[in-house]
1. For the range 1-31, what are the residues that are β-branched (Val, Ile, Thr), surrounded by 12 or more Cβ atoms within 10 Å (Cβ to Cβ) and closer than 20 Å to residue 41 by Cα?
2. Check residue 42 against each of (1) of a type outside the set (Phe, Trp, Tyr); (2) free of Cβ contacts under 8 Å to residues at least 40 places away in the same chain; (3) outside any loop (DSSP other than H, G, I, E, B) and name the one condition it does not meet.
3. Taking only the range 9-29 into account, find how many residues are within 11 Å of the chain's Cα centre (by Cα) and either in a loop (DSSP other than H, G, I, E, B) or not hydrophobic (A, V, I, L, M, F, W, C) (or both).
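Here, each number is a calculation from the coordinates, and none is a lab measurement. Quantities reported herein were computed from a predicted structural model and do not represent experimental measurements. FYI the Cβ positions are ideal-geometry reconstructions off the backbone, even for glycines, and counts take in every protein chain you see.
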Amino acid sequence: MYIDDFIDYVKSEKRYSDHTVLSYITDLNQFFRFLHKEYQIIDPKIVK
């Protein structure tokens, strides 16, 4: 899945801090909640 790959990338390749990674995860979760609420999109796999 793209999101998991992205999180792995920023952790290992970019070596971002744990706080930064957590912020990315939080932002992505909020974004997907918005998509679900506004557009009834529930599967992150369809968002590229």
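1. Taking the range 1-31 first, the residues β-branched (Val, Ile, Thr) are 3, 7, 10, 20-21, 25-26.
From the residues that got through so far, the ones that are surrounded by 12 or more Cβ atoms within 10 Å (Cβ to Cβ) too are 3, 7, 10, 20-21, 25.
Selection gives 3, 25.
2. (3)
3. Total satisfying the criteria: 5.
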